[in-house]
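Note sheet for the following structure.
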Amino acid sequence: MLKVQAERETATGFSFQPDSHWQQEFERSFLYTETPDQLRAIRETKEDMESSRAMDRLSCGDVGFGKTEVAIRAAFKAVQSGRQVALLVPTTVLAQQHLNTFRERMAGYPIAVEMVSRFRTKAEQKKILEAAAVGQVDILIGTHRLLQ
């Protein structure tokens, strides 16, 4: 573990672009008032993303404390910098909820959001994964099926 961490410390990561006009507009469209902890998590996550240092961040908290919004803003920022995002979730229900939330929040922006889980047929999953492989999916949400 020490060797891996030492390698990560010396590796150069991808520096995401500073917030764009769309990022600022997107964040202003959030319907709720962010908590101080949520604002801090968002700020620190975006600072990590803009750094050339390899990112190592874990956000955790109770249900309903805004972790999804932190993830949505980070995903939006990544897509704005030309990257694809994979969001691994532990349950099919959470995958579906995140798909709905991400699509709702990103409606009106040219961002393709898809999901793979047991709620999709094998044929649908194959088509989605093929589209992701050629860059037609910007954000892919899924259960362990993302790892298969």
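The values are calculated or read from the model by the stated rules, or taken from the named source; none is laboratory data. Bear in mind the structure is a predicted one, so any value in this text is a computation, not a measurement. In this analysis, Cβ positions are derived from the backbone assuming ideal geometry, glycine residues included, and neighbour counts consider all displayed protein chains. Surface areas here come from the heavy atoms of the whole protein model, side chains and all, with no ligands, DNA or RNA. Shrake-Rupley method; radii C 1.70, N 1.55, O 1.52, S 1.80 Å.
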Taking interchain pairs and intrachain pairs at least six residues apart, which have beta carbon atoms under 6 angstrom, with the first residue in the range 32-59 and small (Gly, Ala, Ser) and the second part of a strand (DSSP E or B) and loosely packed, with under 13 Cβ neighbours inside 10 Å?
52/12
Residues satisfying the stated conditions in the range 88-124, i.e. in contact with a helix residue (DSSP H, G or I) (Cβ under 6 Å, 6 or more places away or on another chain), open to solvent by less than 70 Å² (accessible area, probe 1.4 Å) and in a loop (DSSP other than H, G, I, E, B)
89, 111, 117
Subset of the range 125-148 [modelled with pLDDT under 95 and part of a loop (DSSP other than H, G, I, E, B)]:
143, 148
Counting only residues that are open to solvent by 80 Å² or more (accessible area, probe 1.4 Å) and charged (D, E, K, R), which one in the range 57-87 is nearest to residue 9 (Cα to Cα)?
57
Any residue at all in the range 83-93 that's closer than 23 Å to residue 148 by Cβ, among the aliphatic types (A, V, I, L, M) and free of Cβ contacts under 8 Å to residues at least 40 places away in the same chain?
yes
